[in-house]
Structures are given as C-alpha cells and as structure tokens.
1. Report, as a whole number in µm² per second, the diffusion coefficient that Stokes-Einstein gives for region 68-133 at 4 °C and 1.567 mPa s using the Kirkwood radius over alpha carbon pairs.
2. Compute the convex hull volume of the Cα atoms of region 134-203, divide it by the residue count, and report the result per residue in Å³ as a whole number.
3. Obtain the nm distance between the two label points defined at Lys193 and Ala69 by a simple spin-label model: each point lies 7 Å from its Cα along the Cα-to-C-beta direction.
4. Take each of the peptides 184-190, 79-85, average the number of other beta-carbon atoms within 10 Å over its residues, and list them starting from the highest.
5. Measure off, as a whole percent, the carbon and sulfur share of the 1.4 Å-probe accessible area of region 68-133, all protein chains present.
6. Between Arg80 and Ala128, what FRET efficiency follows from the Cβ-Cβ distance if R0 is 22 Å, with the result rounded to 0.05?
7. Between Asp119 and Thr179, what length comes free when the chain is fully extended (0.36 nm per residue of separation minus the Cα-Cα distance, one decimal in nm)?
8. Roughly how many Å² is the accessible area per residue of region 134-203, as a whole number, for a 1.4 Å probe?
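The values are calculated or read from the model by the stated rules, or taken from the named source; none is laboratory data. Predicted, not measured: the structure shown is a model, and the values here were computed from it. Virtual Cβ from ideal backbone geometry, glycine too; neighbours counted across all protein chains shown. Protein only, heavy atoms only, side chains kept; ligands, DNA and RNA dropped before computing areas. Shrake-Rupley method; radii C 1.70, N 1.55, O 1.52, S 1.80 Å.
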Amino acid sequence: MEVSSPDIDHAPRTAEDARRTRRRRVGVGASVVLVLVAAAIAVAVGVVRSVTTADGGVPLAPVEISAAALYVHVSGAVGRPGLYRLDGGARVVDAVAAAGGFTEAADRTVLNLARPLVDGEQVHVPEAGEASTPGASVSADGRVNLNTADVAALDTLPRVGPAIAERIIAWREENGRFTSVDDLLSVPGIGEKMLAGLRDLVTV
C-alpha cells in the first residue's frame with residue numbers, strides 16, 4: 001500500500017530565484033536608507049533655522065556701530081552759516097568746510113582748525129578785525145561771552161589780566177565751548193573766590 005505525501009518542492013532554487021531575492025533585499029535596503037537620509041536632512045534644516053533666527057524668526061545680521069553724530073552751529077564769515085550734522089571725531093576744519101569755507105573777509109588766524117568738536121558747539125568765524133573788538137564779544141546786557149571773547153575783551157574783567165585771558169582762550173580751543181560759567185574752574189589760576197567775582201559778569 002502506497003502512502004501519498006504532500007507536494008513539497010524539494011528542488012534547489014535556481015540562479016534566477018537567487019537574483020530576484022537579492023534584488024528584493026537591495027530594494028528594501030535602499031528604501032530604508034532614503035528614509036533615514038530624509039529624516040537627517042529635516043533635522044539639519046531645523047537646527048540651521050534655530051541658529052539663524054531669533055525672536056519671531058527674524059534673521060540675525062551683523063550690526064554696524066558708528067560714532068555718534070555731532071550737531072554744530074557754524075556762524076560768522078563762512079559761505080553758508082547754519083546748523084550742520086557731522087560725524088563723530090570731526091574737527092573745526094570739517095565744520096568750516098561743511099559751511100562752505102571761509103569768506104574773503106574771514107580772519108583765518110583766530111580759530112584752531114585742528115581742535116576736535118563737541119556736540120552742541122557753536123563755531124564762530126570772525127571777520128578780520130572783529131576778534132580784536134571787545135564789543136563783538138559782549139552780550140546785550142553787558143556780560144562778556146566766554147565762547148567768543150578775545151584777550152582784549154576778557155582783560156576788561158576784574159582780576160583777569162592778559163595771562164589769565166590767554167589761559168581761558170587756550171582752554172576753549174583745547175576743550176571746546178564753555179557750557180557753563182562753572183567751567184572756568186578748570187582754567188589754571190581761577191579758583192572759587194575769583195569765579196564768584198566773575199559769575200555775574202560773564203555768560204556762555
């Protein structure tokens with residue numbers, strides 16, 4: 001009596017079957033690699049965005065810091081008297097140039113053109129002969145203006161001789177205009193007692 005057995009294919013696989021199996025494996029492996037690469041790219045893009053943006057996604061950019069601007073009033077014997085905006089570090093020569101340069105009547109020997117400017121300063125270019133006239137540096141109420149007075153005008157003040165007057169002008173040329181009468185204390189030779197005697201006689 002013969003016993004039938006189930007149909008089981010015991011024949012060895014052919015070379016074609018092996019190739020098909022390898023192709024399937026390669027295809028599955030390639031798909032996995034593509035998925036991993038895509039995930040890595042997504043993560044990298046997220047990191048770059050987080051580094052290059054801040055506060056609402058605004059891209060960060062280098063900020064240029066420049067020197068503060070100066071506003072200077074140029075008056076007197078210049079081509080175009082007026083208020084001028086100059087770069088920080090500008091000097092008297094830059095203010096005169098911005099205002100159109102000296103006129104033919106200007107006294108070019110009075111100003112220190114190399115002096116650095118300060119914000120809010122007035123640069124007055126006198127005409128020839130103006131600086132030596134005391135009245136040109138005296139205000140309507142009779143007080144001497146510390147920012148425009150020459151040696152002759154300052155010498156009219158009590159206890160201020162030519163030496164102190166020259167020191168006042170030298171301080172003004174080196175440091176810029178007087179912003180307060182109290183700045184006289186920075187001038188060598190002027191103390192509290194002398195300042196008290198000058199306070200009502202001078203102005204800035």
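1. On the way: Rh = 11.7 Å.
Answer, rounded: 111 µm²/s.
2. Working: hull volume 5.3 nm³, N = 70.
In region 134-203, the Cα convex hull volume per residue is 75 Å³.
3. 4.9 nm
4. On the way: 184-190: 15.6, 79-85: 13.4.
Ranking, from highest mean packing down: 184-190, 79-85.
5. Carbon and sulfur: 52 percent of the exposed surface of region 68-133.
6. Values: r = 20 Å, r/R0 = 0.89.
That pair, Arg80 with Ala128, gives E of 0.65.
7. Working: separation 60, 0.36 × 60 = 21.60 nm, distance 1.09 nm.
Extending this stretch completely gives an extra 20.5 nm.
8. Details: 3510 Å² over 70 residues.
The answer is 50 Å² per residue.
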